[in-house]
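The values are calculated or read from the model by the stated rules, or taken from the named source; none is laboratory data. No experiment lies behind these values; they were computed from the predicted model shown. Cβ atoms come from the backbone with ideal geometry, glycine included; neighbour counts cover every protein chain shown. Calculation scope for accessible area: heavy atoms of the full protein, side chains included, ligands and nucleic acids excluded. Shrake-Rupley method; radii C 1.70, N 1.55, O 1.52, S 1.80 Å.
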Amino acid sequence: QVQLVESGGGLVQAGDSLRLSCAASGDTFSRYAVAWFQQRPGKEREFVAFINGGGYTTDYKNTVKGRFTISRDNVKNTVSLQIDNLKPEDTAIYYCAADTGVYVVRTFPEYWGQGTQVTVSS
């Protein structure tokens with residue numbers, strides 16, 4: 001099992017940058033692929049970024065490529081999501097999730113954090 005706790009959200013201005021963090025505890029973290037999901041107000045949760053256990057393979061939702069960057073530190077057991085040039089439509093609750101499966105982590109991951117709110121004002 002792995003436990004996940006997100007942090008780093010807040011109220012920001014359009015054009016700002018923000019770095020979200022996901023801290024993991026429990027099982028050997030490098031065994032788990034990690035994904036970030038975005039849940040906008042009134043919408044379903046959507047996948048936005050993925051990183052494999054070793055940190056050398058990443059994937060992004062097409063609409064966020066170039067602005068979102070996912071990375072991980074398996075010594076500190078953290079995964080980060082850097083969001084640049086924030087837009088009002090990035091307003092959402094951001095969740096990190098983990099699974100040992102590199103494909104299922106992007107759809108139905110086993111472990112979830114509690115989420116962190118990002119609000120972008122125009």
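Look at (1) of a type outside the set (D, E, K, R); (2) touching a residue at least 60 places away in the same chain (Cβ under 8 Å); (3) farther than 18 Å from Gly113 by Cβ and you find that Phe47 fails only one, number (3). Please find, within the range 50-63, the residue that is most open to solvent (accessible area, probe 1.4 Å) out of those that are within 21 Å of Val2 (Cα to Cα) and in a loop (DSSP other than H, G, I, E, B). Among those residues, the one meeting the criterion is Tyr56. For the range 13-35, filtering for residues that are closer than 18 Å to Gln117 by Cβ and open to solvent by less than 20 Å² (accessible area, probe 1.4 Å) leaves 2. The set of residues in the range 64-122 that are in a loop (DSSP other than H, G, I, E, B) and β-branched (Val, Ile, Thr) comprises Val75, Thr91, Thr100, Val102, Thr107.
Per-residue answers, yes or no, for (1) in contact with a helix residue (DSSP H, G or I) (Cβ under 7 Å, 6 or more places away or on another chain); (2) open to solvent by 20 Å² or more (accessible area, probe 1.4 Å):
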{"site": "Phe37", "(1), (2)": "no, no"}
{"site": "Gly42", "(1), (2)": "no, yes"}
{"site": "Phe47", "(1), (2)": "yes, yes"}
{"site": "Arg67", "(1), (2)": "no, yes"}
{"site": "Thr78", "(1), (2)": "no, yes"}
{"site": "Glu89", "(1), (2)": "no, yes"}
{"site": "Tyr94", "(1), (2)": "no, no"}
{"site": "Val102", "(1), (2)": "no, yes"}
{"site": "Pro109", "(1), (2)": "no, no"}
